[in-house]
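Chemist: Below are the structure tokens for one structure; questions will follow.
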Amino acid sequence: MFNSYKELEAYVKERDIKIIDFKIITLEGKWNHLSIPSVRLSERLFKDGIGFDGSSYGYSSIENSDMCFIPDISTAFEDCYCEEPTLSMIGDIYTVGKQEGRFSGDPRYIAEKAGQYLKAEHIADEFIIAPEFEFYIFDNIAYEVKNKHQEVTINSKQAYWSSNEKNDNGYKVTFQKGYHAGLPNDVDNDLRNKMILKLEDMGIDVKYHHHEVGAAGQLEIEVELENMLHMADGTMKAKYVIKNEAVAAGKTATFMPKPLYNEAGSGMHIHMLLRKNGHNLFFNEAGYSRLSDEALYFIGGILKHAKALLAFTSPSTNSYKRLIPGFEAPVSICFATGNRSSVIRIPGYVKNPEVRRFEFRPSDATCNPYIAYSAILMAGIDGIKNKINPTAEGFGPYDINVFDLPEDERSKIGALPTSLEEALNELKADYEFLLSGDVFHKEFIENWINIKEGDISSIRNVPNPIEFALYYDL
């Protein structure tokens, strides 16, 4: 938003901004924040930064937890969810003491380094991406986990299961028939309009929005292609807007991949291309599906490392309740044109050479976007540098529904991990490609694995209600 401190200072005075707010990313991918009165704003703050406890963010141990963040003024936006006039901006994390400087494990710094590595290898100038944000809007949710009681109750007035409520108008979304549902069934249309207008105000270009397949309020907002770092910032802004607009409307939004049993799951498909000298490096009129060799090598790198990538792109235990065979969520490590059952799908509807691209489909919005996008880029770079041919590697193309193949043919196609534990084990065995260019550090990857294994242990100890149905009377 701003190119200099003077621009920032003038804006604060002109708009009578009262509060300056700073957003700092946690390792798991949430925004924490800290605020100061605008009268305390000074140019010195952008040199010295503000200290914080890095251990509370998942970045360091308690005995070595002093860190600071320095705000990036280019990321500033007016935060309309605060009562007082507030200007927010994203902070970059720094270490303090003997090794003072940018913190190597700051997810935003990892994304910066990945982009720099792409340029340093003279492959391309920019990694351009566009995520699709799928999420559910519920009227309310209640959950409890105690030693004698485990329960989740979700209420969605538009869902087919709410048809017997008193004073209901009868307009329901039919089970698994919500895709592009129209008014009056699409009760969240006006809410999505508010969301996308706020996103536009923040500099995030929206392609379109609509109701998704899930009957109980599954929605989608798709944005236009943008530089990776800018879109990682934009992903955080999008989740912030969607959640806060839902709260303002008396509802709640969730990006959980599978919040409802037997309903469609929510992913975050990531469209991508490389741009060099202002042109799309992935386009070739004569290539398969009008893709260049570089695009196919990039696909080869992603598919070769797909199992390890899932530890970053699908990093919750809930992610694997979405990634199950037979549905649109892909589990087959292959590529194809227009095929939603493959890990890599090339949209058949894209005609413009400058945006010819493909999408990575297993990811979901429980990821830390800076880390997930960077890991995908590193896998793609590895594919280009080593000329990993996806066809020679047996990844396709499979321009049919792979679940319609005979069993002996389908068994030749590799499958994604079926659990977070399996994905983490794959990452333990395949992470060298992430270390190139000093983008990721081994210590960061080990810390990530340790934290995620903690999630697995926490969940493993809790009985699941379905276990009572299966085993109670044995």
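A short reminder: the numbers here are calculations on the coordinates, not readings from a lab. Just so you know, these numbers come straight off a predicted model, no measurement behind them. Note that each Cβ is placed from the backbone with ideal geometry, even for glycine, and that neighbours are counted across all protein chains shown.
Chemist: At R0 = 45 Å, how high is the FRET efficiency between Ser411 and Asp201 if r is their beta carbon distance? Nearest 0.05 is fine.
Modeler: 0.35
Chemist: Trp31 to Asn169: extension gain in nm, 0.36 nm per residue of separation minus the Cα-Cα distance?
Modeler: Numbers: separation 138, 0.36 × 138 = 49.68 nm, distance 3.86 nm.
Extra length from Trp31 to Asn169 when fully extended: 45.8 nm.
Chemist: Which of Pro85, Val39, Ser56 sits closest to the plus end of the dipole of the range 27-129, meaning its Cα is farthest towards the positive end, when Lys and Arg get +1 and Asp and Glu get -1 on the C-beta?
Modeler: Ranked along the dipole, the leading option is Ser56.
Chemist: With a Förster radius of 35 Å, plug the Cβ-Cβ distance of Asn461 and Gln176 into 1/(1 + (r/R0)^6) and report the FRET value to the nearest 0.05.
Modeler: E between Asn461 and Gln176, to the nearest 0.05, is 0.60.
Chemist: May I pose another question? Cross-link candidates for Lys428: which lysines have Cα within less than 28 Å, leaving aside residues fewer than 8 places away along the same chain?
Modeler: The reachable lysines, counting only those whose Cα sits under 28 Å from Lys428, are Lys30, Lys113, Lys119, Lys258, Lys304, Lys307, Lys321, Lys385, Lys387, Lys412, Lys442, Lys452.
Chemist: Sorted by mean Cβ packing within 10 Å, highest first, what order do the peptides 350-360, 442-452, 94-104 take?
Modeler: Values: 350-360: 18.1, 442-452: 16.2, 94-104: 13.4.
So the peptides 350-360, 442-452, 94-104, ranked by packing, come out 350-360, 442-452, 94-104.
Chemist: Further question: Does the chain come out rounded, prolate or oblate by the C-alpha gyration tensor, with a ≥ b ≥ c the root eigenvalues, rounded set by a/c under 1.5 and, if not, prolate when a/b is larger than b/c and oblate if not?
Modeler: Taking the square roots of the gyration eigenvalues as a ≥ b ≥ c, the chain is rounded.
Chemist: Whole number please: convex hull volume per residue of the Cα set in the range 182-247, in Å³?
Modeler: Dividing the Cα hull volume of the range 182-247 by its residues yields 86 Å³.
Chemist: Taking amide H positions as placed in the peptide plane 1.01 Å from N, state which residues far from Val223 in sequence (5 or more) or on other chains have amide H under 5 Å from it.
Modeler: Phe133, Lys207
Chemist: Dipole size in debye (nearest 20) for the range 128-176 around its Cα centre, Lys and Arg Cβ +1, Asp and Glu Cβ -1?
Modeler: In total the dipole reaches around 200 debye.
Chemist: Efficiency by 1/(1 + (r/R0)^6): what FRET value for Tyr143 and Glu83, r their Cβ-Cβ distance, R0 = 30 Å, to the nearest 0.05? Don't skip to the answer; put the middle values down first.
Modeler: Details: r = 29 Å, r/R0 = 0.96.
E between Tyr143 and Glu83, to the nearest 0.05, is 0.55.
Chemist: Measure off 7 Å from each Cα along the Cα-to-Cβ vector at Gln116 and Phe46, then give the distance between these two points in nanometres to one decimal.
Modeler: Distance between label points: 2.0 nm.
Chemist: Also: List the relative contact order of the chain as a percent without decimals, with contacts defined as Cα pairs under 8 Å and 6+ residues apart.
Modeler: Value for the chain: 14 percent.
Chemist: Now for a different question. Explain nothing, just compute: Karplus ³J(HN,Hα) = 6.51 cos²θ - 1.76 cosθ + 1.60, θ = phi - 60°, for every residue of the range 400-416 in order, whole Hz, x for Gly and Pro.
Modeler: In residue order, the calculated couplings are 9, 5, 4, 6, 8, 6, x, 4, 5, 6, 5, 5, 6, 8, x, 10, 5 Hz.
Chemist: Additional query: Taking the dipole about the Cα centre of the chain, with the C-beta of Lys and Arg at +1 and of Asp and Glu at -1, give me whichever of Phe283, Ala124, Ile141 is farthest to the positive side.
Modeler: Of the candidates, Phe283 comes out farthest on the positive side.
Chemist: Still on this structure, I have one more. Please work out the C-alpha center-to-center distance from the range 20-74 to the range 149-208 and express it in whole Å.
Modeler: 36
Chemist: Among Lys237, Lys177, rank each residue by its count of other Cβ atoms within 10 Å, from fewest to most, as a rough exposure measure.
Modeler: Lys177, Lys237
Chemist: Under a cut-off of 16 Å between alpha-carbon atoms, report the lysines in cross-link reach of Lys198, not counting same-chain residues fewer than 8 places apart.
Modeler: Filter leaves Lys207, Lys237, Lys239, Lys243.
Chemist: For the charge dipole of the chain, defined by +1 on Lys and Arg C-beta atoms and -1 on Asp and Glu C-beta atoms about the Cα centroid, which residue among Ala469, Asn318, Gly396 has the Cα displaced farthest towards the positive pole?
Modeler: Gly396
Chemist: Still on this structure, I have one more. Which order, highest average first, do 454-461, 272-279 follow once you tally other Cβ atoms within 10 Å for each residue and take the mean per peptide?
Modeler: 272-279, 454-461
Chemist: Quick one: dipole size for the range 126-471, taken about the Cα centre, charges +1 on Lys/Arg Cβ and -1 on Asp/Glu Cβ, in debye to the nearest 20.
Modeler: Taking the Cα centre of the range 126-471 as origin, the dipole is about 220 debye.
Chemist: What is the spin-label model distance, in nm, from Glu224 to Asn450 if the labels are put 7 Å beyond Cα along the C-beta direction?
Modeler: Output for this residue pair reads 4.4 nm.
Chemist: If you stretched the chain out fully between Ala392 and Lys428, how much longer would it get, using 0.36 nm times the residue separation minus the C-alpha to C-alpha distance?
Modeler: Working it through step by step, the gained length comes to 10.4 nm.
Chemist: Report the label-to-label distance for Asp53 and Lys98 in nanometres (one decimal), using points 7 Å from each Cα along the Cα→Cβ vector.
Modeler: Here the modelled spin labels are 2.5 nm apart.
Chemist: What is the dipole size for the range 267-328, taken about its Cα centre, with +1 at each Lys and Arg Cβ and -1 at each Asp and Glu Cβ, in debye to the nearest 20?
Modeler: Details: 7 positive and 4 negative charges, 48 e Å.
Dipole about the Cα centre, nearest 20: 240 debye.
Chemist: Give, as ranges by residue number, the residues of the range 314-357 whose backbone N falls under 19 Å from the point 7 Å along Cα→Cβ of Glu285.
Modeler: Hits in the range 314-357 for Glu285 at 19 Å: 349-357.
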